[in-house]
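*Asks:* Before we start, here is the structure in question, set down as structure tokens.
What follows draws every value from the coordinates through simple rules; no lab data is involved. Since this is a predicted model, take the numbers as computed values, not measurements. As a convention, Cβ positions derive from the backbone with ideal geometry for all residues, glycine included, and neighbour counts pool all protein chains shown.
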Amino acid sequence: MSTVAADLETILSSGIRLAAPLAFAACGEYVAERAGTLNVSVEAMMLGAAFGSIAVAGLTGSATAGLLAGVLLGALVGSVHGALSHRWHVNTFVVGLVLNALVLGLTSYLVTVGDLGRHQVAQVSVPGLRDLPVLGAPLFVERWPVYLLLALVPLTWWLVERSRWGLELRAAGENPEAADMTGIRVNLRRRQALLWCGALAGLGGAYLAVGEVGSFNQNMTAGRGYLVIAAVIFGGWRLGRTLVGCAVFGLADALRLALPALGHTVNSQLLISAPYLLALLAMLLFTTRQRRPGALAQPFRRAS
Amino acid sequence: MTRTGAWVSAVIVAAAVVLPGLLIAVTGGSPAAALRALIQGSLGDATAVSQTLLYAAPLLLVAVGACCSARSGAFNIGQEGQVLIGALAGAAAGLRLAVPGPALLVVVLLAAALAAGAWAWLSALMNRLRGVDIAVSTLLMTFLAQQVVAFAVTTPWLLQESRLGAAAALPQSNKLPSRALLGSLGDHPGLQLNLGLAVGIVVAVLVAVALDRTRWGFRLTMAGLNPAAARHAGISVTAVGGIALTVSGALAGLAGAVLLTSPLSTNRLQPDISINIGWDGLLVALVARNRPLLAIPIAGLFAVLRAGGNFLAATGVPPYLVDVVKALLTLAFVAPAVLRRRSVIA
């Protein structure tokens, strides 16, 4: 194989591995934002789940049980966020930042005082397809949870765009007063959206820990939750474009890691800030082509 | 405050005290010893108190700014980035401008406030032009600020330190000249009262008076409490919010310059010079319910936790539990605030 193809394969492999956790969490954050809640706590969901998955894998001896625990922990963070901001109406950004600080503090403490060990789920290698040039290894030799995306992405789309639940959810995000008038329980839908968001962000964080890395280290998500929020904004609140955003951000990160080793000089600061720049530019330039929910990040309380 | 609200707060405050103690006990430590170390390291002797007061100054400056923006309804959560931009501009002014004598310190502080104010104003501009949510844009710009500073200190023709002999240049700037540094107020045995704290308290009092006693403050508070009524009364809510956001950024930038020029840092611009002061300062404002004068003792409390946490690390207990306490305390104070009807940032 030529060296160019080999380099391309390396970059693509690492790009997919960097994008996959973002893609899981983005499916969740997309649903939450369509429901009108903007939860910065997606970082806390991912980090808590990453820690929980390794801890539970250590306790049970099963990495798959760890993955499941991660999903549950993410959903727990989601339900706490939901209760605070859509039951008690605490500002959603405040709740998010506080939860992020809380989970970062707790997991940093626990990982320093205890040894969690290494736990990793099995690798899948698809016979035949894995031998394809360039694309084979990046796409068909992966830890198995990554293939859950193939089911979760269509499911997320169907839930939001085609189910009755999704319709009510979008109404809650677009025009909560009108939704309330027709009998939709706006805050309940938002809490449910946060549960879905927590479960999927948890899966993303757990996949990062028991799927890719195989261990937990302090602050291992390192701001990936904020990247996910940037991806949803970059995608203009459309699922497909959001996932394209995740892929672009993953590749940018892969390039930053790979290019210096291949003898190219890169401006790593520019590549790290690219996602945030792109998200800001998308908000400035494409406002008319976006599906920004009308009541995004605005609390709903019935006037009484 | 409703009764449910009081209950929620009480439970969370209890959790803030009990949970860390429990965690220490479960992992084989002594909660009592940890608490003693926390107090010893922050209030135990003159050196400890000096350290606590050093931390209080930038925390207070950030918090006072956060009070302004939150009260106006333009909710700024990008203080961490604004602190960094302030430190960057302060370092650039201190190292590049040929200003004689201690006037250089004034120039450093002003440059920091101006640059960070402009940085925050960009969010107000994006909000005005395209309706971009202020909380979202200030948050995203924090991550940009981190990379801007990282770029400046790794680029030789910008602010990276000049190489000395064969040693490789580190990702940091040169040391600021000593006349650009914040000095100690008076000479007390053991106790260091840094000028930064005086700056912080003066600013807090000025902003408190401006918010509560001037027409500007009245308009700002009105725009935050009821934008529709404010608009009806002829107040330009976007303009008022934009000014509040700029002031908030400028004060965060000032905090960055205080970090740069006080003994809290090595007096060099480094990528981690902000040491989470921006995030913590925002929490201080939330606990103080957006009242600048109340922010003075709360900033003191957070400074105690910070200085004590550092000391705790020296005794073998990982200091991260302090962050858990801070987060839970904040939660306890914001939860009931919004159960009351007149909260500003619900």
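*Asks:* Here are B:Gln147, B:Gln160, B:Gln192: which of them is touching a residue at least 24 places away in the same chain (Cβ under 8 Å) and either crowded, with 18+ Cβ neighbours inside 10 Å or polar (S, T, N, Q) (or both)? Can you show your working first?
*Replies:* Details: B:Gln147 fails: touching a residue at least 24 places away in the same chain (Cβ under 8 Å); B:Gln160 fails: touching a residue at least 24 places away in the same chain (Cβ under 8 Å).
Testing whether each residue is touching a residue at least 24 places away in the same chain (Cβ under 8 Å) and either crowded, with 18+ Cβ neighbours inside 10 Å or polar (S, T, N, Q) (or both) leaves just B:Gln192.
*Asks:* A follow-up question, please. So, in region B:279-329, how many residues would count as being under 20 Å from B:Gly196 (Cα atoms), among the small types (Gly, Ala, Ser) and either within 11 Å of chain A (Cβ to nearest Cβ) or not in a helix (DSSP H, G or I) (or both)?
*Replies:* Summing the residues that are under 20 Å from B:Gly196 (Cα atoms), among the small types (Gly, Ala, Ser) and either within 11 Å of chain A (Cβ to nearest Cβ) or not in a helix (DSSP H, G or I) (or both) in region B:279-329 gives 1.
*Asks:* Exactly one of these conditions fails for B:Pro102: (1) over 17 Å from A:Met283 (Cβ atoms); (2) free of Cβ contacts under 8 Å to residues at least 40 places away in the same chain. Give me its number.
*Replies:* If we test B:Pro102 against (1) over 17 Å from A:Met283 (Cβ atoms); (2) free of Cβ contacts under 8 Å to residues at least 40 places away in the same chain, just (2) comes out false.
*Asks:* Same structure, new question: If A:Gln123 satisfies all but one of (1) within 14 Å of chain B (Cβ to nearest Cβ); (2) in contact with a strand residue (DSSP E or B) (Cβ under 6 Å, 6 or more places away or on another chain), what's the number of the condition it fails?
*Replies:* (1)
*Asks:* Give the residue that is farthest from the other protein chains (Cβ to nearest Cβ), with candidates limited to residues of region A:79-120 that are farther than 15 Å from A:Ser41 by Cβ and buried (at least 23 other Cβ atoms within 10 Å of the Cβ).
*Replies:* Of everything passing the filter in region A:79-120, A:His119 is farthest from the other protein chains (Cβ to nearest Cβ).
*Asks:* Does region B:112-135 hold any residues that are within 13 Å of chain A (Cβ to nearest Cβ), in a helix (DSSP H, G or I) and surrounded by fewer than 20 Cβ atoms within 10 Å (Cβ to Cβ), and which are they?
*Replies:* Selection gives B:Leu122, B:Leu125, B:Arg128, B:Leu129, B:Arg130.
*Asks:* Any idea which residue in region A:154-197 is surrounded by the fewest Cβ atoms within 10 Å (Cβ to Cβ), counting only those that are within 20 Å of A:Leu68 (Cβ to Cβ) and touching a helix residue (DSSP H, G or I) at 6+ places or on another chain (Cβ under 6 Å)?
*Replies:* A:Leu195
*Asks:* Condition first: in a loop (DSSP other than H, G, I, E, B) and out of contact with any helix residue (DSSP H, G or I) (no Cβ under 6 Å at 6 or more places or on another chain). Can you find one or more residues in region B:198-212 that meet it? It would help to see each step written out before you state the result.
*Replies:* So in region B:198-212, the residues in a loop (DSSP other than H, G, I, E, B) come out as none.
No, region B:198-212 contains no residue that is in a loop (DSSP other than H, G, I, E, B) and out of contact with any helix residue (DSSP H, G or I) (no Cβ under 6 Å at 6 or more places or on another chain).
*Asks:* Which residue pairs have Cβ atoms closer than 8 Å, lie 6 or more positions apart in sequence or on different chains, and pair a first residue in region A:22-51 that is within 14 Å of chain B (Cβ to nearest Cβ) with a second residue that is among the acidic types (Asp, Glu)?
*Replies:* A:Gly36/A:Glu174; A:Leu38/B:Asp133; A:Asn39/A:Glu29; A:Val42/A:Glu29
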